[in-house]
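Visitor: My questions all concern the structure below.
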């Protein structure tokens, strides 16, 4: 598929033309941010934490393998 913006616009116009009037109206409301029903999800803000950050078990394992054999991709091996 060609990713040229003109071709994408033509494809979207073709797909939109296949929608019923009600579906087109719902799409227009959705694109305008006027959806009914479930509100748009909010983006969670980063929380600043004080103190040390705790690594997960998987992160500890990757660190250990890198300490054992530095600079390799041994962590991608199923037998590591």
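Visitor: Got at least one residue in segment 30-51 being surrounded by 10 or more Cβ atoms within 10 Å (Cβ to Cβ) and modelled with pLDDT under 85?
Guide: The answer is yes, given that some residue of segment 30-51 is surrounded by 10 or more Cβ atoms within 10 Å (Cβ to Cβ) and modelled with pLDDT under 85.
Visitor: Right, something else. When residues of segment 6-22 are filtered for being surrounded by 11 or more Cβ atoms within 10 Å (Cβ to Cβ) and modelled with pLDDT of 90 or more, how many remain? Before the answer, list the steps.
Guide: Of all residues in segment 6-22, those surrounded by 11 or more Cβ atoms within 10 Å (Cβ to Cβ) come to 7-8, 10-11, 16, 19.
Still in the running and modelled with pLDDT of 90 or more: 19.
The qualifying residues number 1.
The values are calculated or read from the model by the stated rules, or taken from the named source; none is laboratory data. Since the model is a prediction, treat every value here as computed from it, not as a measurement. Neighbour counts run over all protein chains shown; Cβ positions are idealised from the backbone, glycine included.
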